[in-house]
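Have a look at the structure below, then the notes.
The values are calculated or read from the model by the stated rules, or taken from the named source; none is laboratory data. Not measured: the values here are computed from a predicted model. Every residue, glycine among them, receives a Cβ derived from its backbone with ideal geometry; neighbour counts consider all protein chains shown. Heads up: the accessible areas ignore ligands, DNA and RNA and are worked out on the full protein's heavy atoms, side chains in. Shrake-Rupley method; radii C 1.70, N 1.55, O 1.52, S 1.80 Å.
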Amino acid sequence: MSKDIFVFIECKEGVVRKASFELLSKAKELNEGTSSDSYAVLIGSNVKHTAEELRAYADKIIIVDKDILEEYRWDTYTHVMEHLIIKYNPRMVFGASTVTGKDLFPRLAARLDAPIVSDAIGIVSEGEDTKIKKPLFGGKIISWVAFRGGKTAFVTFRPNTFSIEKKILNGEIIEETVDLQKDTRMNVLGIQKAGTNKIDLQEADFIICGGRGMKDPDNFRTLEEIADIMGGRAGASRAVVDAKWRDYDDQIGKSGKTVSPKLYIGCGISGALHHTMGMDTSKVIVAINKDPNAPIFQYADYGIVDDIFNILPVLKGELKKTKEEL
């Protein structure tokens, strides 16, 4: 087995996702001082121009470019990745803990009978050993796990876990050809994409999230305005989404999206476990709730015990004023 690291590259609307650049930066950092290489694995249709953008971040870029790969499908993408992993035999394969990553990586691990750690938030190398940092029980326990057995290991990391560092590597582009055939048991009738200019929730540095304490869906306009001032994104709890106040794309938590922004502000959120499991690794957490016993305060770095409708107008005004002064 080589000591190389694969990074599965995710693209959105033809643009490489921020999380993929984070993982490339971390892979190169782990390989510093060794003869090992970091590989960016890019799969899709007409992706050769995208590969050029990746050359500064990886030692080598493997591309598999076919029309059949224009949209993500579990059957075609799993087959391509399995073929490449068997051929190159990397030590580890990194991916983002996104909808695609959570679908693809367990399939690969099962097919290759390989170990996998999902939703990791850190990684360190100590000599020949590599340890993965992973939160358990809604972040109440932080575990460190290591791989044994000499097989390729799969790891998905939460977006915003690592910083991005451009290495100017001038990586080599390698074109691979893989024979593909779609699984006839699955037929995609159509793909409907939501038209939005919002920042990706999982990659936002600032998130202001509303719960049932917002009382009315119209009150989320204030959160949207604050998010726009900060260049971030408004999120929602599961209860809010279940009530049809917000789209599922806004949902944060175990059954929604896992986020790790630099600043998370929870407004009228109680702090149920299924929600905190999706935001407990935020760098700074601010909770606003009029109930001083709300569980969210156990996770907060800063807490404000007051009615959110007293706080939000003041917060919006101060942020707007500060932005105008900059």
Can you tell which of GLY101, GLY95 is in the same structural domain as LYS151 (by TED's automatic domain parsing), in a strand (DSSP E or B), at pLDDT 95 or above and small (Gly, Ala, Ser)? GLY95
Report whether or not ARG148 is open to solvent by 10 Å² or more (accessible area, probe 1.4 Å), part of a loop (DSSP other than H, G, I, E, B) and within 22 Å of VAL93 (Cβ to Cβ). yes
Log entry, pairs with first residue in region 266-295 being in contact (Cβ under 8 Å) with a residue 12 or more places away in the chain and in a helix (DSSP H, G or I), second being charged (D, E, K, R) and open to solvent by 30 Å² or more (accessible area, probe 1.4 Å), beta carbons closer than 7 Å, six or more apart or on different chains, reads HIS274/ARG238; HIS274/LYS254; HIS275/ARG238
Hits in region 135-144 - residues which are open to solvent by less than 50 Å² (accessible area, probe 1.4 Å) and either outside the structural domain of GLU82 (by TED's automatic domain parsing) or not in a loop (DSSP other than H, G, I, E, B) (or both): PRO135, SER143
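So how many residues does region 64-74 have that are open to solvent by 10 Å² or more (accessible area, probe 1.4 Å), assigned to a helix (DSSP H, G or I) and in contact with a strand residue (DSSP E or B) (Cβ under 9 Å, 6 or more places away or on another chain)?
In the first step, residues of region 64-74 are kept if they are open to solvent by 10 Å² or more (accessible area, probe 1.4 Å); the result is 65-68, 70-74.
Now drop any that are not assigned to a helix (DSSP H, G or I), which leaves 67-68, 74.
With in contact with a strand residue (DSSP E or B) (Cβ under 9 Å, 6 or more places away or on another chain) added as a condition, the list becomes none.
The number of residues fulfilling the criteria is 0.
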Qualifying positions in region 1-50 - buried (at least 20 other Cβ atoms within 10 Å of the Cβ), in a loop (DSSP other than H, G, I, E, B) and aliphatic (A, V, I, L, M): ILE9, VAL47
Say we look at region 117-134 and pick out the residues that are surrounded by fewer than 17 Cβ atoms within 10 Å (Cβ to Cβ) and touching a residue at least 12 places away in the same chain (Cβ under 8 Å); which of these is farthest from THR98 (Cα to Cα)? ASP129
Here the residues within region 71-118 that are in contact with a Phe, Trp or Tyr (Cβ under 9 Å, 6 or more places away or on another chain) and polar (S, T, N, Q) are SER97, THR100, SER118
Give the residues of region 75-98 that are open to solvent by 30 Å² or more (accessible area, probe 1.4 Å), in contact (Cβ under 8 Å) with a residue 40 or more places away in the chain and touching a Lys or Arg at 6+ places or on another chain (Cβ under 9 Å), sorted by residue number. ARG91
How many residues does region 163-195 contain that are open to solvent by less than 80 Å² (accessible area, probe 1.4 Å), more than 29 Å from SER260 (Cβ to Cβ) and among the aliphatic types (A, V, I, L, M)? 6
